[in-house]
1. Got the relative contact order for the chain handy, in percent, Cα pairs under 8 Å and 6 or more residues apart?
2. May I ask for the angle, rounded to the nearest 10°, between helix 73-92 and the longest principal axis of the chain, with both axes built from Cα atoms and the value confined to 0 to 90°?
3. All other residues with a Cβ under 15 Å from the Cβ of residue 14 taken together, and with Lys, Arg as +1 and Asp, Glu as -1, what is their net charge?
4. Using only Cα positions of the range 3-92, each an equal point scatterer, no hydration layer, compute I(q)/I(0) via Debye at q = 0.13, 0.17, 0.22 Å⁻¹ and quote the log10 values to two decimals.
5. Can you compute the helix-only [θ] at 222 nm over the chain? Use -39500 (n - 2.57) per DSSP H run of at least 4 residues, normalise by all residues, nearest 500 deg cm²/dmol.
6. Pick out, in residue order, every one of the GluC sites (Glu not before Pro) in the range 1-87 that is DSSP loop and has at most 12 other C-beta atoms within 10 Å; say none if there are none.
Amino acid sequence: MTERTTSSEITFVHQFVLSSLMAPLEAGTYRLVVDEELVEGLSFTAYRRVATHLEIPAISAKTVKRQFLQVSAAEIEDVLRKDAELGSATATN
């Protein structure tokens, strides 16, 4: 099975909470790592997401210790949406 890993950076303007953590994470830029595997037997190339990880703490945090927290893509999308809504609500006040 062929696998690939991609990473991107996502930025939160506000503190945010993930269901797998007890304390909120600070605003900042975080690395999101996605592992996918090739779906075989198709007439075109397609990949299926098998894992999503958020590297914590934020990239800008001055610490040597980093962890990869497994998260769902849906939860990350939801938290990013809420962060954007808070940003637009703050801007209008």
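Each reported figure results from applying straightforward, stated rules to the coordinates on display, with no laboratory input. In this text, all values refer to a predicted model and were calculated from it rather than measured experimentally. All Cβ positions, even for glycine, are placed from backbone atoms using ideal geometry, and neighbour counts span all protein chains on display.
1. Relative CO of the chain lands at 26 percent.
2. 30
3. So the surrounding residues net to -2.
4. -0.51, -0.77, -1.10
5. -7500 deg cm²/dmol
6. Passing sites in the range 1-87 are 40.
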